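Here the structure is laid out as structure tokens; the discussion comes afterwards.
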Amino acid sequence: MLRVLSHNFVQMKTWSFMAMAFIMHFCLSGQSNILLDSNLSYLQTVTNDSLRVKTLLQIAKIYSNTDPDSALFFLNKCESLSKSLAYKKNYNEALLLKANILTETNQFEKSEIVLNELLKIISNDAAQKKYERYVYNEYISYGRKTGNYKLALDYAFKLVKIAQTEKDERLECSTLGNIAGIFFDMNDLQKSLYYDKQTLALIVKNKDWKNYSLVNFNIGSVLGEMGEHDSALYYYNIADSVALELNDKQMQAEINSNIAFEYFDAGDDANAKIFFDKAIKLYDELQIKDDSYAMLNCNLGQLYMRQNDLAKAEQYLLRADELGNTSGFLSDKVEYKKQLALLYSKLKIWDKAFIYNQQLMQLKDSLAKDENLRISHDLENKYNVAQKEKQILILNKDKQLQQKEIQRQRVLQYATLIIAAIFLLFGSLFLFQRIRIAKEKRKSDSLLLNILPKQTAEELKASGKTEAKYYESCSILFTDFENFTTASELLTPQQLVSEIDMCYSAFDKILLKYNIEKIKTIGDSYMCVAGLPAPNKNHAADILNAALEIRNFMSDLYEERKRKNEMCFKIRIGINTGPLVAGVVGSSKFAYDVWGDAVNIASRMESSSETGKVNISGSTYELVKDSFTCTYRGKIAVKNKGEIDMYFAEKLP
């Protein structure tokens, strides 16, 4: 089951104040089409330059909510004319709206150029300082959309400082809500909760009851993610009572859906059903048939299936599947197919169970994979934890030995004053110990390099800590074994771990050949990155060459095992290129990891790939298209990312 996750704060969350206020006005007035026609007609007749600039900006604002391409067309004209006439106010407003639209439509390189131009304007002209808050807010949106959370946080905290200096509590409130959302995106739930509660305090102080409901809902979402069901329900109930008073039915629907989830997760089916029914009823009243509504039907179907009311379970699961056929989210579709396959298995309608199971396998869902691989993942996780604990113990032992050595040196110095014979004896012991310590140190250094990149390990040894680093461009690779669960059921746990180890050891050797950094393994998923810790302009080609070698290794192994009538895995691979943040997490059990939107998209490239194929994104394709044969697959829908260009890559013939 899936919880509705929010953290979409009002006002300065993703839109600038000016654009949001304007768009909300039109949504409420319902007259945007009339006003658009009026402005377009007026533009054809007006000759006054000042009025033309204002009309162009007005038209762009109207289009911004429904037709971004048309909005950008009129903004470019407005920008050019206002710049030639030195109309700074209109020029700045045009750039702000342009940056916003480019960010929202994922045109990040263009958005960055516009934002840098705005930053230059407010830095060089004191009279334009009043636009500072709007520029910072657009940088926050840009940072969140691109996964550059450090950038987003830098500008968010600058904006809080401006708000506190100017005693603008509305701005402070919206920005604190933004900060909570950024930490939520980063999965830093404790900090997200802290800033949500700061936001709540300001909302209560200013009696902003509309946003009071939203922030309580956000707090409930965080607590639910943390597994604190009772606390989550407390905040959801507050949000629901306020939404009810404000007659905000869409908010009520989302709240009731999450309340139902908490009860379901706690095993309270009776209350879960009550709130699922409420949410369904509200969505039906609003005539909303979106992805959230489809997943709500799926959740309710699962509830009935757990209660063994299989007729009703079938009704809701089929509705979810029907709605999901129009959805672009692969993970949602997989959930519907999976539940229907389970339902028809319970009903012993084997033909339908087989059909839905086949559809499930074709969708190659990573979410289903995570659930199906729970047992093998636990085994490997325990193994990895044990290995890392062993490595840390060795590192600690090395430190203790070094401290003891210092003490021994002092004893030897005192001993030389007593007798030369004792000095020689202890000198020999000292030499022996130095050799043993050096050997132990080399061993611990080698173990540390198995956990961290060399540069990061050196930094950790030198200062005891490392700083996270931002990389402008890296290439990320994910692999996955198809039908892993079915195949693994034929093996003992020991055989399963041995088989995975054999495959991963081969992958490790291939990575060394291309100087690629292995990040981690999760169950049967293998992840690595090219282009860090030392930047490398050929990272996309390197990782694609490695991917093809991994694919070929697994293909050869499969054919060999097939001839011997032995079990072997099939593989699929996905690659994406983009910016990311890398660093060490944890204070006692070190783990080198990477974060960012580019990482999430790389995972989606893998889940959207096919058996024996290397699936690359459009950003990777642009870097390798002249060196590899790439077959365009079209724009394929990816959850939370929209449609993404995808290609199957091969070596040039």
- Note on the structure: Filtering the range 203-232 for residues that are hydrophobic (A, V, I, L, M, F, W, C) and surrounded by fewer than 19 Cβ atoms within 10 Å (Cβ to Cβ) leaves a count of 3
- Going by the structure shown, is SER627 polar (S, T, N, Q), touching a helix residue (DSSP H, G or I) at 6+ places or on another chain (Cβ under 7 Å) and modelled with pLDDT under 90? no
- Task: Please state which of the following conditions ILE122 fails to meet, knowing it meets all the rest: (1) surrounded by fewer than 18 Cβ atoms within 10 Å (Cβ to Cβ); (2) at pLDDT below 90; (3) among the aliphatic types (A, V, I, L, M).
- Result: (1)
- Task: Kindly provide the set of residues from the range 275-290 that are within 29 Å of the chain's Cα centre (by Cα) and either open to solvent by 50 Å² or more (accessible area, probe 1.4 Å) or closer than 13 Å to LEU340 by Cα (or both), ordered by number.
- Result: LYS289, ASP290
- Restricting attention to the range 515-557, the residues that are among the β-branched types (Val, Ile, Thr), within 22 Å of GLU610 (Cα to Cα) and open to solvent by 10 Å² or more (accessible area, probe 1.4 Å) number exactly 2
- Message: I'd like the full set of residues that are over 16 Å from LEU171 (Cβ atoms) and either open to solvent by 30 Å² or more (accessible area, probe 1.4 Å) or without any contact (Cβ under 8 Å) to a residue 24 or more places away in the chain (or both), limited to the range 125-142.
- Response: ASP125, ALA126, ALA127
- Query: So which residues in the range 480-526 are more than 30 Å from GLN359 (Cβ to Cβ), outside any helix (DSSP H, G or I) and of a type outside the set (Val, Ile, Thr), if there are any at all?
  - Reply: TYR514, ASN515, GLU517, LYS518, LYS520
- So THR45 clears everything in (1) at pLDDT 70 or above; (2) under 36 Å from the mean Cα position of the chain (by Cα); (3) surrounded by fewer than 17 Cβ atoms within 10 Å (Cβ to Cβ) except one condition, right? Which one? (2)
- Item | Test for LEU544: is it among the hydrophobic types (A, V, I, L, M, F, W, C) and in a strand (DSSP E or B) | no
- Message: Out of LEU72, LEU81, LEU56, I need the residue that is more than 17 Å from LEU102 (Cα to Cα), within 39 Å of the chain's Cα centre (by Cα) and open to solvent by less than 60 Å² (accessible area, probe 1.4 Å). Which one?
- Response: LEU56
- Note on the structure: Sole miss for GLY612 among (1) open to solvent by less than 60 Å² (accessible area, probe 1.4 Å); (2) outside any loop (DSSP other than H, G, I, E, B) is condition (2)
- Message: Regarding the range 363-375, can at least one residue be identified that is buried (at least 19 other Cβ atoms within 10 Å of the Cβ), of a type in the set (Gly, Ala, Ser) and at pLDDT 85 or above?
- Response: no
- Identify all residues within the range 489-529 that are free of Cβ contacts under 8 Å to residues at least 12 places away in the same chain and among the acidic types (Asp, Glu); write none if there are none. GLU489, ASP501, ASP508
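The values are calculated or read from the model by the stated rules, or taken from the named source; none is laboratory data. Keep in mind that this is a model prediction, so the values were computed, not measured. Note that each Cβ is placed from the backbone with ideal geometry, even for glycine, and that neighbours are counted across all protein chains shown. For accessibility, only protein heavy atoms count, side chains too; no ligands or nucleic acids. Shrake-Rupley method; radii C 1.70, N 1.55, O 1.52, S 1.80 Å.
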